[in-house]
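Remarks on the structure that follows.
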Amino acid sequence: MQFENTLAFAQKMDENDPLKAYRERFLFPNFLAKPIIYFTGNSLGLQPRSTKDYIQKELDAWAQYGVEGHFLAEKPWFSYHEFLSAKAAKIVGALEKEVVVTHSLSTNIHLLMVSFYKPQGKRTKILCEAKAFPSDQYILETQVRFHGLDPEATIVEIAPRAGEHLINEEDIYAKIEELGDELALVMIGGVNYYSGQLFDMKTITEKGHAVGAIVGFDLAHAAGNILLKLHEWKVDFAAWCSYKYLNSSPGGVSGLFVHEKHLKDKSMNRFGGWWGHDKSVRFLMEKGFRPMETAEAWQLSNAPVLGMAAHLASLDIFDEAGMEKLCAKRDVLTAYLEFIIDEVSKLYGEKCSFEIITPRDKTKRGAQLSMLVHGEARKLFDFLTEEGVIADWREPNVIRMAPAPLYNSFEDVYYFGQILSKAL
Ligand SMILES: *Cc1c(COP(=O)(O)O)cnc(C)c1O
């Protein structure tokens, strides 16, 4: 497509956008005197207008029924998570029984690693990306220590080659082969939070399985952003949060996936809780943990209904819009942002001091573009913020921006370009 750096072009793109009506269904922040260009859906998605009603409904049920709401509420709390499973499963390309919404992301990764990281003999190593999201780094480190192993010797990190910003996937495959029967687990972020690089999860899974390793992904930056096919790719396990692209409230509930092939494995290590116990006999309160034969087995506690309600509000919007349409718009909208940044770079050639480090290939990224700024990076970022651009700053000098296809417009991107020009 031939893009143009004009308001008329951006407006025409918005007019022809099949998802344009969704923008109205979100609340845009208004804490500045000027209109806000919100490019931080990769950090905290905007609030759907409907969220309040979904939460209010459960508050009303609580007021009306008290404890009986577990059974008498329109969506009984006893099985509230079941109203989310099929919709969450659709977003990650899974069977309904392979997915459950529960706990928070870091908690879920720990619980999944209890089951899926089983160092034995010389098969102890974990392969991950260098500079993984801090929580993931701490999870891996402390899981390794929990097994009495040394993180230094056990965790193998793949970094970009010298002078590069992205990880060469060939290096991941080569390392998997090199580690061979020493490799217990591959655990990578499906989309890197810093660079926005999307990894080929299907191939990584195949390569990992070929040497007998388990393969899991943190999908915090992929869920609601990338067309995922976890079941088909035979990924062993995955987890994601719901508050980034999935717009489901700060610190909101997380989703987890366990492939069907593991669901009946009774020999698996688990940390059990009553909500993971066979629900047909849960209230017999008997001794002896009997895990369900679905992803629900990884639930410990009864569902935090208010947070789940916020997630359901958003899942209903995703269900209506559909991931295919969202991803189609994402590709064009992010490419337009890339074009605008390049245009501004060209116009201001000498003064200009930024470069996009996210892959240029749209099959290797989602909505996010990370801009590396040389020189007075922080000053540029502060200026953008004052002018109403809510982006995200990562030390030492990266600005991350993610136009979200549900609520961002081409006009947002055009005006961002105007502000960027002004800054320069
Ligand atoms: C956002 C994010 C987290 C956050 O974890 P919480 O448990 O929800 O606080 C973890 N890992 C990655 C890769 C993230 O992007």
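The numbers here are math on the coordinates, done by the rules we state, and not lab data. Computed from a predicted model, the values in this text were never measured in an experiment. We place every Cβ from the backbone using ideal geometry, glycine too, and count neighbours over all the protein chains shown.
Could you list, in their original order, any pairs among Lys125/Lys175; Lys87/Lys229; Lys97/Lys287; Lys125/Lys207; Lys234/Lys261 whose Cα atoms are separated by more than 20 Å?
Lys97/Lys287
Suppose every Lys and Arg Cβ carries +1 and every Asp and Glu Cβ carries -1, with no other charges. What dipole size does the range 202-321 come out with about its Cα centre, to the nearest 20 debye?
Dipole size: approximately 380 debye.
When Rg is the radius of gyration of the Cα atoms in the chain and Rh is its Kirkwood radius, what does Rg/Rh come to?
0.99
Ratio of alpha-carbon Rg to the 2.2 N^0.38 Å globular estimate for the range 220-321, to two decimals, please.
Computed over Cα atoms of the range 220-321, the ratio equals 1.19.
Go ahead and collect, in residue order, the members of the range 29-59 whose backbone nitrogen is under 15 Å from a label point 7 Å along the Cα-Cβ direction of Glu74.
The answer is 50-59.
Enter the Cα centre distance for the pair the range 80-116 and the range 251-312, rounded to the nearest angstrom.
9
Over the chain, calculate the relative contact order: mean separation of alpha carbon pairs under 8 Å at least 6 apart, over the residue count, as a percent.
Dividing the mean separation by the residue count of the chain yields 24 percent.
Residue farthest toward the positive end of the dipole of the range 80-321, with Cβ of Lys/Arg at +1 and Asp/Glu at -1: which of Gly276, Gln197, Leu183?
Value computed over the given set: Gly276.
Amide H of Gln197: which non-local residues (sequence gap of 5 or more, or other chain) have their own amide H closer than 5 Å, using H built in the peptide plane?
Asn192
Calculate, in whole percent, how much of the Cα-Cα pair population of the range 1-133 lies beyond 20 Å.
Of the Cα pairs, 72 percent sit more than 20 Å apart.
For Thr358, which sequence-distant residues (separation of 5 or more, or a different chain) have an amide H within less than 5 Å of its own amide H, given hydrogens modelled in the peptide plane?
When sequence neighbours closer than 5 places are left aside, the close amide H contacts are Ser370.
Quick one: which of 401-409, 295-303, 359-367 comes out on top by average Cβ neighbours within 10 Å, and what's the full order, highest first?
401-409, 295-303, 359-367
When the helix-only estimate is applied to the chain (DSSP H runs of n ≥ 4, each -39,500 (n - 2.57), divided by the residue count), what is the mean residue ellipticity at 222 nm, nearest 500 deg cm²/dmol?
Rounded to the nearest 500, the figure is -11500 deg cm²/dmol.
For the range 80-321, how big is Rg over Rh, using alpha carbon atoms and the Kirkwood form of Rh?
Expressed as Rg/Rh, it is 0.96.
Report the one residue of Ala210, Phe410, Ile55 whose Cα lies farthest in the direction of the positive end of the charge dipole of the chain (charges on C-beta: Lys and Arg +1, Asp and Glu -1; origin at the Cα centre).
Checking the options against the dipole of the chain, the answer is Ile55.
So who's got an amide H within less than 5 Å of the one on Glu129, skipping anything under 5 residues away but keeping other chains? H placed 1.01 Å off N, in plane.
Ile158, Gly189
From zero up to wherever the largest Cα-Cα distance of the range 103-175 sits, split into 5 Å bins and tell me the percent of pairs in each.
Whole-percent P(r) values from 0 Å outward: 3, 14, 24, 22, 19, 12, 5, 1.
Under a Cβ-only charge scheme (Lys and Arg +1, Asp and Glu -1), can you give me the dipole magnitude of the chain about the Cα centre, in debye to the nearest 20?
For the chain, the charge dipole is close to 580 debye.
In the chain, if the dipole is taken from +1 on Lys/Arg beta carbons and -1 on Asp/Glu beta carbons about the Cα centre, which of Thr124, His147, Ser314 is farthest to the positive end?
Of the listed residues, the answer is His147.
With +1 on the Cβ of every Lys and Arg and -1 on the Cβ of every Asp and Glu, and nothing else charged, how large is the dipole of the range 1-136 about its Cα centre, in debye rounded to the nearest 20?
So the dipole magnitude of the range 1-136 works out to roughly 600 debye.
Give the relative contact order (percent, whole number) for the range 80-321; include only Cα pairs under 8 Å separated by 6+ residues.
25
Based on the mean of other beta carbon atoms within 10 Å per residue, what is the order of 199-209, 103-113, most packed first?
Going from most to least packed, we get 103-113, 199-209.
Spelling out what I want: for every residue of the range 33-50, take phi, set θ = phi - 60°, compute 6.51 cos²θ - 1.76 cosθ + 1.60 (Karplus), and round to whole Hz; glycine and proline get x.
6, 10, x, 9, 9, 9, 10, 10, x, 7, 10, 9, x, 6, 7, x, 4, 6
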